[in-house]
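Coordinate-derived values only; no laboratory data. Everything quoted here is computed from the prediction, not taken from an experiment. Cβ placement follows ideal geometry from the backbone for every residue including glycine, while neighbour counts extend to all protein chains displayed.
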Amino acid sequence: MTALGPLTVVSNRLPVVMRQRGGSWKVEPGAGGLVAAMRPILERQGGCWVGWPGVVEEDGQGWAGGLQRAGERAGYALEPVTMSRDQYEGYYEGFSNSVIWPLFHGFADRCTFDAADFEQYRAVNQRFAEATMRCVGGEGLVWVHDYQLFEVGQRLRKLGHRGRLAHFLHISYPGMENYAKLPWRRELLRALLAYDLVGFQTARDVRNFVRCAEAFGVGGVLRHEGGEALLVAEDGRRVEVGAFPIGMDFQGFSERAASSEVEERVRALQDEIGAYRMFLGIDRLDYTKGLIHRLRAFELMLERHPHLCEQVMFFQLVVPSRENVSEYRSLKREFDRVVGRINGRFSTSGWQPIRYLYNRVNPVELAALYRLAVVALVTPLRDGMNLVAKEYCACQVDENGALVLSEFAGAAAQLGEGAVLVNPYDRETTADAMARAVQMDEARRRIRMRSMRRIIAESDVYQWAERFLDRAVEGPQPGEGFATPA
Ligand code: G6P
């Protein structure tokens, strides 16, 4: 790890969420790829994590002590940013999750553009900037994460922050046609160009961003080659842009998967499911994850390959997410309906093709599920990276599983050859790919799994952070192609 010392990380979510259960405040782990990736980095390096503790001002302050103790246990400070219920609704449910999230994943029709929400987004970004100033005192590198906080860099500069500022976007960046629909398209481009370094998951995201900056005349493009670009902001500052595909804690996951505790749990689960070969899906309940498409492809697989009936089963873990946003509530109802229909159609007295759990599971259970699955189905309609794909491979310590992976996940650019790639919109070929994966001969499965595990181990989350932070601290180095801008 880079010799940087303690980090200042800013993200909407802290690694923990404070929840009121039975009259007292409980600390629960936060869900999602960002938290999963950043938690081990902060644990290793220490510092301060600025973020939202999952409560609104109207909830009172009873959670503050519990949060502080959670920070002490974790070994880094947790700096909470609070907001009113109105601000939360406009900033988080409104602008972040009903505008940027759908738009950046290519679902412009699901966007609800509302100027009042954008105002709340700006007000809350200001709060995050003020909390960050309290943490760093205007000096040093600040690493801001994701789409909820585009404007924090700009606002830190206005508040007088003198250190370098970096931003990493965990989700994909949209193509020009989609981005163009955003009423505040120039404002958000300007916001990103306030940083010294802007990181994306893939070269494609970098390309999309550069094209949008060019198209809307915000900043100039000095260079752009593959996954790297150098732009000049309107105030003349140079802004480095690059692809930094995020990794995960490969060693941590592999070691846990090989532990006796997990082995015991794998045996118990195997007893429960019997001899069936298990397909596994693990996703937040989100329309970008392609859950309904996946169910329908699985259904078609059973229809077209009837010999697989009573040979396989599909276990889907669905992690509750954004339950106050209406798009998410209706997805839950549709998911239940489709699962019921498929089970009704194919079940026999001793066999039910699909089982699902709508909940969170602990790390041991998660590793056991990953180990047990003969095939993991990671078939989002669009995804920045998708760490489930990588976690599955890391936990496949027997190197015996197959990964069916969407072309539209950032992970496909890295794992492409080892995975069975699918277009999740194409039900027929996805169904056949699922059948192929579960019937693949063991030798081929092993070769492919081994190659994916090698790639994931060689670009784990620590190396990702080191590469990003080195770049953020130092800027372009002589000889790296971006040192002497034209
Ligand atoms: C994705 C986003 C994260 C977000 C996570 C969970 O991974 O990139 O920024 O935290 O989803 O979503 P939530 O809205 O619950 O934070």
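Remark: pairs (first residue in the range 315-336, of a type in the set (Lys, Arg); second residue within 14 Å of the ligand (Cβ to nearest atom) and part of a helix (DSSP H, G or I); Cβ separation under 9 Å; 6+ apart in sequence or on different chains) = 322/92; 322/93; 322/97; 322/101; 322/328. For the range 17-55, a residue qualifies if it is of a type in the set (Val, Ile, Thr) and either within 12 Å of the ligand (Cβ to nearest atom) or over 16 Å from the mean Cα position of the chain (by Cα) (or both), and the qualifying residues are 17, 27, 35, 50, 55. Each residue in the range 428-453 was checked for being surrounded by 16 or more Cβ atoms within 10 Å (Cβ to Cβ), hydrophobic (A, V, I, L, M, F, W, C) and under 24 Å from residue 397 (Cβ atoms), and 6 of them qualify. Among the strands (runs of 3 or more DSSP E) confined to the range 1-79, the ones with at least 2 residues that are surrounded by 13 or more Cβ atoms within 10 Å (Cβ to Cβ) and touching a His at 6+ places or on another chain (Cβ under 9 Å) are located at 7-13.
Kindly evaluate residue 221 against the criterion of being part of a helix (DSSP H, G or I) and touching a strand residue (DSSP E or B) at 6+ places or on another chain (Cβ under 8 Å). No; evaluated as a whole, the condition is false for this residue. Among the numbered conditions (1) without any contact (Cβ under 8 Å) to a residue 24 or more places away in the chain; (2) under 30 Å from residue 107 (Cα atoms); (3) not polar (S, T, N, Q), the only one that residue 267 does not meet is (2). Among the residues of the range 286-301, are any in a loop (DSSP other than H, G, I, E, B) and crowded, with 18+ Cβ neighbours inside 10 Å? So far as the range 286-301 goes, yes, one or more of its residues are in a loop (DSSP other than H, G, I, E, B) and crowded, with 18+ Cβ neighbours inside 10 Å.
Scanning the range 302-318 for residues that are part of a strand (DSSP E or B) and of a type in the set (A, V, I, L, M) turns up 312, 313, 317, 318. Of the helices (runs of 4 or more DSSP H) entirely within the range 111-190, those holding at least 1 residues that are within 16 Å of the ligand (Cβ to nearest atom) and of a type outside the set (Asp, Glu) occupy 115-136, 152-158.
Strands (runs of 3 or more DSSP E) fully within the range 319-420 that include at least 2 residues being buried (at least 21 other Cβ atoms within 10 Å of the Cβ) and out of contact with any Asp or Glu (no Cβ under 8 Å at 6 or more places or on another chain): 375-378, 402-406.
Between 219, 252, 242, 199, the distinction of being within 16 Å of the ligand (Cβ to nearest atom) and not charged (D, E, K, R) belongs to 199 only.
Considering the range 208-226, and only residues there that are surrounded by fewer than 20 Cβ atoms within 10 Å (Cβ to Cβ) and touching a Gly at 6+ places or on another chain (Cβ under 9 Å), the residue that is nearest to residue 190 (Cα to Cα) turns out to be 214. If you go through the range 84-104 and keep only what is over 17 Å from the mean Cα position of the chain (by Cα) and near the ligand (Cβ under 10 Å from one of its atoms), you end up with just 93.
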